[in-house]
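The values are calculated or read from the model by the stated rules, or taken from the named source; none is laboratory data. Predicted, not measured: the structure shown is a model, and the values here were computed from it. Glycine also receives a Cβ, built like all others from the backbone with ideal geometry; neighbour counts cover every protein chain displayed.
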């Protein structure tokens, strides 16, 4: 009988440990993890890096290697059992499913992707479902954190690496999660972190320009997003602006919605009302008569269109906006507030652009700021490996037609400076970080949270 690749790996491990029962505890997927007494599983990589990973893992006590790379004992200069599995990167989730005993098989799985609004949508879905199913645990994996909602643990990636993703699944199974919401990034989808997944429901909020530095062109970016829809079995929710997209999945039902977050008053959260109403109707337990109740229970999401008011009439509008389209949307929204609620006020925008990301959006975002703001302060976002002063200089080149702007690279200093305007009848639109807790520079990370820092200054 021909063995599957999963069976080959398990048999390989069984021979090493001289036992028949093999589970996920016998494997490790990074040389940085606890390797002693385990088998190292390595995806595709260049030969030198792979050799270094193995060297590090061997020093920590690994028992064997599973890899798709052409590595021999001569290459690593020591004797270790090696099993080669072709296309392991593609098959890895199938193997993880196997050794974790299919941890999500009893869960309703919901995938959310799009350029803007992914994280907010995941949060609102979790709240909404908690209202419909008050006795069910709702699992969430987002850029804001992972866990049983609302108790989330911080994470470094929107869609975690394959093995880390399955660790989360196992935790959720132990906590009796029955509905799982996963934020699916374009990079995560492209890199196969969600391979072999089957989603009951998928949601595509929108598609605009983003992550071109990674995907190289817009077509590749769109294709990565559409991968989620191909994995969906029951319902695909799509923003009505994307009706002309070529969706290959013919079996799942397509439901179009208007992704235009609304609120009835300034004190209520901006919610994707049309999406939530149509989404709720796909569940038998959803009661139309309680629809207003479900929606009224939704709470603000920190760092998303968040108003912070001070004791001296200071008003800040804080948002995560870091794409050109989300930047434009929040600028328009801020202007609508000035028209409807704060007619005697002007608009100051504080923003920067992240390093190592699509550089063209710096021009676009600066152009939007110049169009809508009465004053602009350019500051640091996440410069990463780039020189922050070069980033702000590129933005300055677009703003030079206007005299009413300043460059203050230190973000805390920029926010402090804005208080001079806030107390002089300016609405302060603070963009780029939302509820993030750090600013990333090349050689360091600085703790900073826009919301907490603003509150410390004005309350």
Residues in segment 315-333 that are surrounded by fewer than 21 Cβ atoms within 10 Å (Cβ to Cβ) and under 13 Å from residue 427 (Cβ atoms) total 3
Can you say whether residue 77 is surrounded by fewer than 17 Cβ atoms within 10 Å (Cβ to Cβ) and over 15 Å from residue 163 (Cβ atoms), as far as the supplied structure shows?
yes
Return the residues of segment 187-219 that are out of contact with any helix residue (DSSP H, G or I) (no Cβ under 9 Å at 6 or more places or on another chain) and without any contact (Cβ under 8 Å) to a residue 12 or more places away in the chain; say none if nothing qualifies.
216, 217, 219
Within segment 227-238, how many residues are crowded, with 22+ Cβ neighbours inside 10 Å and either modelled with pLDDT under 95 or assigned to a helix (DSSP H, G or I) (or both)?
2
Return yes or no: is residue 254 modelled with pLDDT of 90 or more and over 30 Å from residue 315 (Cα atoms)?
yes
For segment 108-159, the count of residues that are touching a strand residue (DSSP E or B) at 6+ places or on another chain (Cβ under 8 Å) and assigned to a helix (DSSP H, G or I) equals 10
Give just the number: which of (1) surrounded by fewer than 20 Cβ atoms within 10 Å (Cβ to Cβ); (2) at pLDDT below 95; (3) assigned to a loop (DSSP other than H, G, I, E, B) does residue 89 not satisfy?
(3)
